Amino acid sequence: MQFVRSLLEQLPMMALFLTIAIGYLLGEVSIKGFSLGVGAVLFVALAVGWFAPKAAPPPMLGVLGLALFLYGIGIHYGSEFFRGLVSREGRQANLLAIIGVLCSAAASLAFAGGKVTLGHAIGLFVGAGTSSAALQAGIQAFGNNDPAVGYSVAYPFGVALPIFFLYVVFRRRKPRVEGASTAGQMLEIAIRHPEIAGKSVGDVATMMPAGTTIVAVREGGHNEPASPDLILHENDVVLAVGQTRDELERARTLLGDAAAGRIADDRRDLDYLRVFASKAVVVGRRLADLALPAGLRCSVVHVRRGDTDLLARPDLVLEYGDRVGLLANRVEFPAVRKFFGDSIKSTAEFSYISIGLAMALGFLVGAIRLPVPGVGTISIGLAGVLLVALVLGRRRRTGGITWTIPLSANLVLRNLGLTLFLAQVGLSSGPRFAATVAETGFLFLGLAATTTIALALPVLILGLYVFDMPFDKLAGIVAGACGNPAILAYANKATPTDKPDTFYAMIFPGMTILKILIADVAPALFGR
């Protein structure tokens, strides 16, 4: 055993990646649907750090990993986050999440004293909220690894208890769930109403139900892509695409009668083609702003990003790796592929110029000292990276610089970053963790469970009984407030809609920033 300990301490990078491998192996173990996932890396790292105290890699490695994680989150969820700040349901969701986070913080701070240091209490809080970013803020604010000890004890409760509460609510109460909403529904409609005939496709589009659009028109026995200035005539057939059948049915009532097969069965003029968006001239631009080469005519039907189909709205901004479904003449397929790029490599490519500039700006913003009355001056640290990424994720493109990252590359980037951070923190915290748990026994376990309950239950109770929210929305809010992807994964399994993802994206970045700020100001407000 001494040989193994010496080997790990002499080769810290070997210890790091061995820890990651074993952690992911244990994280895949599922007990009745529950698994630790990437969180298992932290517990393996704590064990290895206790066994070989000098095997910890430099702290800068953990900071880099967490910065990559936060950048990926901000770039991906920027648009949804800012949409949540201005919409009524977004503000309501953020209010619920804030109440839960503040209740959890108050509960954890009430435990500080005696064997539970203030650092331990903050660690319990950020562990219950499974926020690795807030853990880093706590470690920096306190100047020791006490927060990591509390975090590692509370983390399993932060994953398991919210899933258990959602399971109980769903099974016992059979809560209301809104109908599923998916892009890709199609309906062919013959123009029968005289008030529609003579209008352009652009004019009719303003009259269509939200979530529907016209992508093709059949006139005089020939199909052609829909363009805003194309005039519709009585008995023409349009191909409408929408998110739900109800929306398409309302469009049919507006325009005329269903005419199934009139366009789809005739592919002489238009056929379906799917291409990858991989050229800089299309990425970062709205569909309405795409400058097609002269003579090239096509119509975008839908865009598939990751595992999600998106409606081809004029304001939809393309990203690297998007799979664009189009209608075009077969003769023009090569030209369409050339215009969009159609390279699968785009699913893993991104600009190192954009990520370098954005990360540098994020670290600069995080280093700015801000005066807080009664506290002194504080800096938001790595939250600066998240804030900058959220803003750039919303803008998507500035001049010739594209800020977005393909979803597949984004997932790799942030998962690698989170893994490096958890491994580094665990390896450096192992000895102190073992000593604290041996000293406090079951005390920390009870405090961790209480802190997590204080986070999840207020959100569920207020959402169900005060705001009367549908379960799919509420599940997304709980997942965003608690912060763990495993909770979101359970919510997606329990409900057939995309609302959990949408509401998670609206509030997760904001709650991450709030947890970071609480961890950062706690020493100044309550004393070390």
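Looking only at residues in the range 79-102 that are small (G, A, S) and surrounded by fewer than 24 Cβ atoms within 10 Å (Cβ to Cβ), which one is nearest to G362 (Cα to Cα)?
Going through the qualifying residues, I end up with S79.
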In the range 405-432, which residues are within 18 Å of L390 (Cβ to Cβ) and among the basic types (K, R)?
R414
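This table checks each residue for (1) without any contact (Cβ under 8 Å) to a residue 40 or more places away in the chain; (2) under 34 Å from the mean Cα position of the chain (by Cα).
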site	(1), (2)
G242	no, yes
T253	yes, no
G261	no, no
D269	no, no
L290	yes, yes
V300	no, yes
D315	yes, yes
R323	no, yes
L327	no, yes
Quick check on this structure: which one of A110, A133, A105 is farther than 30 Å from V237 by Cβ, crowded, with 24+ Cβ neighbours inside 10 Å and modelled with pLDDT of 80 or more?
A105
Going by what's in this entry, would A160 be described as under 29 Å from the mean Cα position of the chain (by Cα) and either free of Cβ contacts under 8 Å to residues at least 12 places away in the same chain or surrounded by 21 or more Cβ atoms within 10 Å (Cβ to Cβ) (or both)?
no
Being part of a loop (DSSP other than H, G, I, E, B) and either assigned by TED's automatic domain parsing to the domain that holds L292 or more than 30 Å from G321 (Cα to Cα) (or both) narrows it down to one residue among D246, D257, D269; which is it?
D269
Matching option when the condition is more than 20 Å from P209 (Cβ to Cβ), surrounded by fewer than 17 Cβ atoms within 10 Å (Cβ to Cβ) and at pLDDT below 85, among A294, A264
A294
Out of curiosity, is R337 surrounded by fewer than 20 Cβ atoms within 10 Å (Cβ to Cβ), touching a residue at least 12 places away in the same chain (Cβ under 8 Å) and among the basic types (K, R)?
yes
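Residues checked against (1) modelled with pLDDT under 85; (2) more than 25 Å from S131 (Cβ to Cβ):
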| position | (1), (2) |
| --- | --- |
| E9 | no, yes |
| L16 | no, no |
| T19 | no, no |
| L25 | no, no |
| F34 | yes, no |
| F43 | yes, no |
| L64 | no, no |
| L68 | no, no |
A360 vs (1) surrounded by fewer than 15 Cβ atoms within 10 Å (Cβ to Cβ); (2) modelled with pLDDT under 85: all pass except (2)
Residue count, the range 338-388, condition touching a Gly at 6+ places or on another chain (Cβ under 7 Å) and of a type outside the set (A, V, I, L, M, F, W, C), comes to 7
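Residue by residue, here is whether (1) in contact with a helix residue (DSSP H, G or I) (Cβ under 7 Å, 6 or more places away or on another chain); (2) under 30 Å from A280 (Cα atoms) holds:
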residue: T347; (1), (2): yes, yes
residue: S351; (1), (2): no, yes
residue: G362; (1), (2): yes, yes
residue: P373; (1), (2): no, no
residue: S379; (1), (2): yes, no
residue: L387; (1), (2): yes, yes
It is to be established whether one or more residues within the range 391-401 are among the β-branched types (V, I, T) and within 21 Å of K279 (Cα to Cα).
yes
Output the number of residues of the range 388-409 satisfying the condition of being buried (at least 21 other Cβ atoms within 10 Å of the Cβ) and either part of a helix (DSSP H, G or I) or touching a strand residue (DSSP E or B) at 6+ places or on another chain (Cβ under 7 Å) (or both).
6
So L357, is it touching a residue at least 12 places away in the same chain (Cβ under 8 Å), assigned by TED's automatic domain parsing to the domain that holds S278 and not acidic (D, E)
no
Would you check if there is a residue in the range 46-59 being closer than 28 Å to L457 by Cβ, aromatic (F, W, Y) and surrounded by fewer than 22 Cβ atoms within 10 Å (Cβ to Cβ)?
no
Mind counting the residues in the range 319-349 that are in a helix (DSSP H, G or I) and under 16 Å from P293 (Cβ atoms)?
10
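Take the residues of the range 298-312 that are out of contact with any helix residue (DSSP H, G or I) (no Cβ under 7 Å at 6 or more places or on another chain) and not aliphatic (A, V, I, L, M): which is surrounded by the fewest Cβ atoms within 10 Å (Cβ to Cβ)? Give the derivation first.
Going residue by residue through the range 298-312, those that are out of contact with any helix residue (DSSP H, G or I) (no Cβ under 7 Å at 6 or more places or on another chain) are 299, 301-304, 307-311.
Now narrow it down to the ones that are not aliphatic (A, V, I, L, M): 299, 302, 304, 307-309.
Values: S299: 22, H302: 21, R304: 16, D307: 6, T308: 12, D309: 19.
Looking at residues that are out of contact with any helix residue (DSSP H, G or I) (no Cβ under 7 Å at 6 or more places or on another chain) and not aliphatic (A, V, I, L, M), I get D307.
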Every residue from the range 456-502 that is surrounded by fewer than 24 Cβ atoms within 10 Å (Cβ to Cβ), among the small types (G, A, S) and farther than 19 Å from S131 by Cα:
A494
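The values are calculated or read from the model by the stated rules, or taken from the named source; none is laboratory data. Remember, it's a predicted structure, so these values are computed and weren't measured experimentally. Heads up, the Cβs are rebuilt from the backbone with ideal geometry, glycines too, and the neighbour counts pull from every protein chain shown.
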